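Right, one structure below, let's go through it.
The values are calculated or read from the model by the stated rules, or taken from the named source; none is laboratory data. Every value quoted in this text rests on a predicted model; they were computed, and no experiment measured them. Every residue, glycine among them, receives a Cβ derived from its backbone with ideal geometry; neighbour counts consider all protein chains shown.
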Amino acid sequence: MAQLFPPSVDLAAKFVILGVVTCLVGGAYAFYLLNRSPYWTNVGVTIDQPVQFSHRHHVRDLRLDCRFCHTSVTTSANAGMPDTQTCMTCHSQIWKNAPMLAPVRGSYASNEPLKWNRVNETPGFVYFDHSIHVDKGVGCSSCHGRIDEMPITWKSIDMEMQWCLSCHRHPENALRPLNQVEKMDWVPAKDPEEGEKFYHERNIQKDHLTDCSTCHR
């Protein structure tokens, strides 16, 4: 029986198959890169705010404790944002006529809170409690990065599920002395058993940490 197609058709078919496979693999890899990029995660991206607030100035230069502004971070799921009265505790005396602080003065005069834009936010289907993390000895910088070096606040970590689970599977690696939770430049002790000691002293139940219901309620 005579050959229906010339040999060149076989070669063309191979190129087509190779092209399809390449496109599928390349597309999947491109999607992976996009999913990890700042465009998708917002990591390293600054967000416009009603006032250009500098954590670097307040935390590093003035050495304000995180809890001075985020008053509920040790007692509730939400860290809390400072009300205008807290800002005016200082700025009724310092920089009281600075143009950049006009929105703060306006908020204080009208008793209307400033509308800050969230930088770090978990999805609605994720439950996160600041107070339990602080109570167990997880530092602010573990999730928020070196906030004391940010003239404008940005997101430091993607906070995706695998990142959270990496800590929940080995919590001893993230624990520190309770009086060092707000210390931005804290580094773990050279003794690896210190984290294990904190882990047992604070009655952390590792099995419970990886239950779906811990974060998805």
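Can you pull out every residue in the stretch 191-211 that is closer than 18 Å to residue 129 by Cα, of a type in the set (D, E, K, R) and assigned to a loop (DSSP other than H, G, I, E, B)?
Correct list: 202, 211.
Do the conditions hold for residue 121, that is, is it in a loop (DSSP other than H, G, I, E, B) and either touching a residue at least 24 places away in the same chain (Cβ under 8 Å) or within 29 Å of residue 41 (Cβ to Cβ) (or both)? Outline the logic, then answer.
Numbers: in a loop (DSSP other than H, G, I, E, B): yes; either touching a residue at least 24 places away in the same chain (Cβ under 8 Å) or within 29 Å of residue 41 (Cβ to Cβ) (or both): yes.
So residue 121 passes the test.
Would you confirm, using the coordinates I've provided, whether residue 160 is over 30 Å from residue 62 (Cα atoms) and touching a residue at least 60 places away in the same chain (Cβ under 8 Å)?
yes
In the stretch 142-158, how many residues are outside any loop (DSSP other than H, G, I, E, B) and among the basic types (Lys, Arg)? Reasoning before the result, please.
Narrowing the stretch 142-158 to residues outside any loop (DSSP other than H, G, I, E, B): 142-144, 147-149, 154-155.
Checking which are among the basic types (Lys, Arg) leaves us with 155.
Residues in the stretch 142-158 being outside any loop (DSSP other than H, G, I, E, B) and among the basic types (Lys, Arg): 1 in total.
Return the residues of the stretch 54-71 that are farther than 16 Å from residue 144 by Cβ and either of a type in the set (Gly, Ala, Ser) or surrounded by fewer than 15 Cβ atoms within 10 Å (Cβ to Cβ) (or both); say none if nothing qualifies. It would help to see each step written out before you state the result.
First pass over the stretch 54-71, keeping only residues farther than 16 Å from residue 144 by Cβ: 57, 61-63, 71.
Those that are farther than 16 Å from residue 144 by Cβ and either of a type in the set (Gly, Ala, Ser) or surrounded by fewer than 15 Cβ atoms within 10 Å (Cβ to Cβ) (or both): 57, 61, 62, 63.
So in the stretch 162-181, with the set limited to residues that are in contact with a Phe, Trp or Tyr (Cβ under 7 Å, 6 or more places away or on another chain) and not polar (S, T, N, Q), which one is surrounded by the most Cβ atoms within 10 Å (Cβ to Cβ)? Spell out how you get there, then give the answer.
Residues of the stretch 162-181 that are in contact with a Phe, Trp or Tyr (Cβ under 7 Å, 6 or more places away or on another chain), as a first pass: 171-172, 175-176, 180.
Applying the additional criterion that residues be not polar (S, T, N, Q) yields 171-172, 175-176.
Values: 171: 20, 172: 18, 175: 24, 176: 21.
Out of the qualifying residues, it is 175.
Just to be sure I understand the filter: pairs with C-beta atoms under 7 Å, separated by 6 or more residues or on different chains, first member in the stretch 168-193 and more than 23 Å from residue 149 (Cβ to Cβ), second member at pLDDT below 90 and surrounded by fewer than 13 Cβ atoms within 10 Å (Cβ to Cβ). Which pairs pass?
As it stands, the answer is 171/206, since those pairs meet every condition given.
When you scan the stretch 164-181, do you find a residue that is part of a loop (DSSP other than H, G, I, E, B) and closer than 20 Å to residue 60 by Cβ, even just one? Lay out the reasoning, then the answer.
The initial filter retains those residues of the stretch 164-181 that are part of a loop (DSSP other than H, G, I, E, B), namely 170, 174, 176-177, 181.
Next cut, closer than 20 Å to residue 60 by Cβ only: 176, 181.
Looking through the stretch 164-181, at least one residue is part of a loop (DSSP other than H, G, I, E, B) and closer than 20 Å to residue 60 by Cβ.
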